[in-house]
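Just so it is clear, none of the values below were taken in a lab; they were calculated from the coordinates. Small disclaimer: the values here were computed from a predicted structure and weren't measured. Backbone-built Cβ (ideal geometry, glycine too); neighbour counts: all protein chains shown.
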Amino acid sequence: MLKNIGIALCMGCSISLNARDNVYYPTFFNSYFFNKYQISPAYMPAEGKLECSGNYKSLLGELKKISAYSFSIARVFKSEASQSHSLRLSFFNEQEGSYISSPRAYIGYTYRQKLGQDFEIFSGINLGTTGLYYAAPTITQSSALLPDGAVGLGLAWRTLRLDLSAHHIFNSAKYVFTSPLVLERYFHGYLSYSIDFGPNWVSKSYGLYRLLPYVNDEAYVATSLVYKDLFSVGTSIRYQSGLAFFTAFDLKNDSDQFQMFFNYNSAAFKLAPKWQNGVELGINYIMK
């Protein structure tokens, strides 16, 4: 999210977040485990030849006009049993009221190589742009369009998955008004694991660490219980930001799979200020 810059612009002034520049980091969906392409460009759908995703996030209460959404479509090509390639187009936008928006668009490539019966390695790259647009009526309109990208590496062994990725790899910068705005490089570390409990139940666990220079890092831990790959419910904790509850429903047949999910971010246990409360909605479609 555009850290405090939007509030400053609406007041007709500029606030620096640190000693060097105004640093921009994109907002993040708490339901990241349903949208792994947001974690790393090394993500590839485990099955199917086409994946389409859409997500929406909004804060609640007085800040309900702060929202974000994303769309993504990926095509998977299997050259042989041990290798796969995928191309992905993705678009994101953050809206802070009526006057501030931050669209991002990328094209991505991912490669998968199977090494042995249970071990796989993934690599990926995203290239695109990030735009920052200000149109408050009390200030001069301004905009910035900067080159952006990410690289990632993933390792999978049975149901264990590890991903490491770097984002804003170009450290792009541009002057907006009188201050340089920087897409400062940041990093993700992601780990997931699942355990079967009989023929019908599966327990899934997720962990994500976001290394964000110049602002506080973010850490997420989540767990869910899945019934017959048709219904799941779980909870997620974001360090110093509150507790989230989520659920998902899946419909599938031999040729298609459709998933809907809902996530509620709360300030339970007084871990978060009021502005953290929000909801997330999403859909995923896979053509097999």
Phi-derived 3J(HN,Hα) across the range 189-195 with the Karplus relation (6.51, -1.76, 1.60, θ = phi - 60°), rounded Hz, x for Gly and Pro, is x, 10, 9, 9, 7, 10, 10
GNM of the chain, Cα pairs under 10 angstrom: of 61, 48, 116, the biggest fluctuation goes to 116
HN-Hα couplings for the range 109-114 via Karplus (6.51, -1.76, 1.60; θ = phi - 60°), in whole Hz with x for Gly/Pro, come out as 10, 10, 10, 10, 10, 8
Surpassing 18 Å at the alpha-carbon level, of the pairs 36/114; 49/78; 64/174; 36/204, are 36/114; 64/174
Of the candidates 224, 45, 147, the farthest towards the positive dipole end of the chain (Lys/Arg Cβ +1, Asp/Glu Cβ -1, centred on the Cα centre) is 147
Among 153, 208, 115, the residue with the largest mean-square fluctuation in a Gaussian network model of the chain built from Cα contacts under 10 Å is 115
Residues other than residue 209 with Cβ under 13 Å of its Cβ, Lys/Arg counted +1 and Asp/Glu -1, net out at -1
Assertion target for 88, 104, ordered by fewest C-beta neighbours within 10 angstrom first, is 104, 88
Length-normalised contact order of the chain, Cα under 8 Å, at least 6 apart, in percent, tallies to 16 percent
Across 10 Å bins beginning at 0, the whole-percent shares of Cα-Cα pair distances in the range 5-287 come to 6, 26, 37, 22, 8, 2, 0
Length gained, residue 170-residue 60, 0.36 nm per residue minus C-alpha separation, equals 36.2 nm
Sequence order, the range 238-248: Karplus ³J(HN,Hα) from phi using 6.51 cos²θ - 1.76 cosθ + 1.60, θ = phi - 60°, Hz rounded, Gly and Pro as x, gives 10, 4, 6, 9, x, 10, 10, 10, 9, 8, 9
